[in-house]
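The values are calculated or read from the model by the stated rules, or taken from the named source; none is laboratory data. Not measured: the values here are computed from a predicted model. Don't worry about glycine lacking a Cβ; one is built from the backbone with ideal geometry, like all the others, and counts go over all protein chains shown. Areas reflect the complete protein model, heavy atoms only, side chains present, ligands, DNA and RNA absent. Shrake-Rupley method; radii C 1.70, N 1.55, O 1.52, S 1.80 Å.
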Amino acid sequence: VAEYDQGLAKSRTGFAARLNRFLANFRAVDEDFFEDLEEMLIEADVGFETAMQISEQLREEVKLQNAKSKKQIGQVIVEKMVDIYGEAGEQEDNSLHLSENTDPTVYLFVGVNGAGKTTTIGKLAARYHQAGQKVLLAAGDTFRAGAIEQLAEWARRTNTDVVTSKAGADPASVVFEAVKKAKAEHYDILLVDTAGRLQNNVNLMNELAKIKRVIVRELPSAPQEVLLVLDASTGQNALNQAKQFSQTTDVTGLILTKLDGSSKGGIVIAIRNELHLPVKLVGLGEKVTDLQDFDAAKFVYGLFK
Ligand code: GDP
């Protein structure tokens, strides 16, 4: 929890600072107040819909509680955000699903270059290895030699195994080799890296579909998760990427990285509310331990603390 807190420090400063600046200008609860509030929330990247939702509910609540002071108003805003996000959070399944038989569990990681796929795979490899699991990585991003080497380096650092190929090889063939190895040598978990070129949707879609086919052919109930990795510090861009990816692939959950560097933590709320995809993990730094399970209520409270 302390690490979660530390990692969120920047998001929090950004969000809380915005809210405080907003409240510093507070004069009265009038139409201007609600308009300014909506603008503040949109700038903090909670998304248009959520901003309107909070504003609407705040109108009601202010009437009910007869809230007039700055402090009361500030409290109601935080409460409403926790309500909206907490409620959504209760219904969503944040857990990473596991294979239900003795076959290896397979997670496929998708997302644009630089989002943090390889780093997240490295962090998860360490987590599973430490828990005593037999972990295999697949370097499915064959597009860049750097990506293959980076994943191999994570395998060395975490004492896990990796299947690689030469740069330019067919990603599906690397994944095929990895799945075969995982099955034959009884690995518990296989983490598959992929290339993230969004410039050409059709190619990306075909490539991801092919990779999935290869996995399913060998392991009918895999992949248990298709995890879309998004760089939270890119704000609305992350939301747009999430929309595009979820249209081309059956994404089962989101991983939001670089929340340590973001002053726009509201994006987590926007993505959740607009796409109805559960956030499963958050990245809070570059170190191997900077990966946390996502807890919605804790996250929203953390933004304002
Ligand atoms: P990929 O292209 O999607 O595989 O992205 P990488 O894993 O190579 O990550 C791109 C850069 O982001 C690297 O410099 C990582 O160290 C950095 N990075 C990844 N996750 C995080 C995070 O949670 N916080 C911070 N600050 N940096 C991160």
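Brief remarks on what is shown
- Condition met for E100 (more than 29 Å from T234 (Cβ to Cβ) and away from the ligand (no atom under 16 Å from the Cβ)): yes
- Within the stretch 153-166, one or more residues are more than 16 Å from the ligand (Cβ to nearest atom), at pLDDT below 95 and open to solvent by 20 Å² or more (accessible area, probe 1.4 Å).
- Residues that are part of a strand (DSSP E or B) and either modelled with pLDDT under 90 or within 14 Å of the ligand (Cβ to nearest atom) (or both) within the stretch 249-265 comprise L254, I255, L256, T257, listed in sequence order.
- Count of residues meeting criterion [modelled with pLDDT under 80 and within 20 Å of N273 (Cα to Cα)] in the stretch 51-75: 0
- Selection of first residues in the stretch 218-234 that are within 13 Å of I255 (Cα to Cα) and of second residues that are of a type in the set (V, I, T) and more than 16 Å from the ligand (Cβ to nearest atom), restricted to Cβ pairs under 9 Å at least 6 apart or on distinct chains, gives the following pairs, ordered by first then second residue: E225/T105; E225/V106; E225/T252; V226/T252; L227/T252; L228/T252.
- Residue in the stretch 182-204 that is of a type outside the set (S, T, N, Q), free of Cβ contacts under 8 Å to residues at least 40 places away in the same chain and closer than 30 Å to H276 by Cβ present: yes
- Of everything in the stretch 178-228 that is within 16 Å of the ligand (Cβ to nearest atom) and assigned to a helix (DSSP H, G or I), the residue that is most open to solvent (accessible area, probe 1.4 Å) is E207.
- Count of the stretch 183-208 residues which are modelled with pLDDT of 90 or more and over 24 Å from A145 (Cβ atoms): 7
- The stretch 21-33: number of residues that are under 30 Å from D231 (Cα atoms) and of a type outside the set (K, R): 2
- Screening the stretch 167-177 for residues that are more than 25 Å from the chain's Cα centre (by Cα) and either among the aliphatic types (A, V, I, L, M) or assigned to a loop (DSSP other than H, G, I, E, B) (or both) and picking the one that is surrounded by the fewest Cβ atoms within 10 Å (Cβ to Cβ) gives G168.
- Selection status of A131, closer than 21 Å to E286 by Cα, away from the ligand (no atom under 16 Å from the Cβ) and of a type in the set (G, A, S): yes
- Leading residue by the ranking (nearest to K183 (Cα to Cα)) among those in the stretch 229-248 that are within 15 Å of the ligand (Cβ to nearest atom), open to solvent by 10 Å² or more (accessible area, probe 1.4 Å) and outside any strand (DSSP E or B): Q241
- The one condition in (1) within 14 Å of the ligand (Cβ to nearest atom); (2) on the phi < 0 side of the Ramachandran plot; (3) not acidic (D, E) that G111 fails to fulfil: (2)
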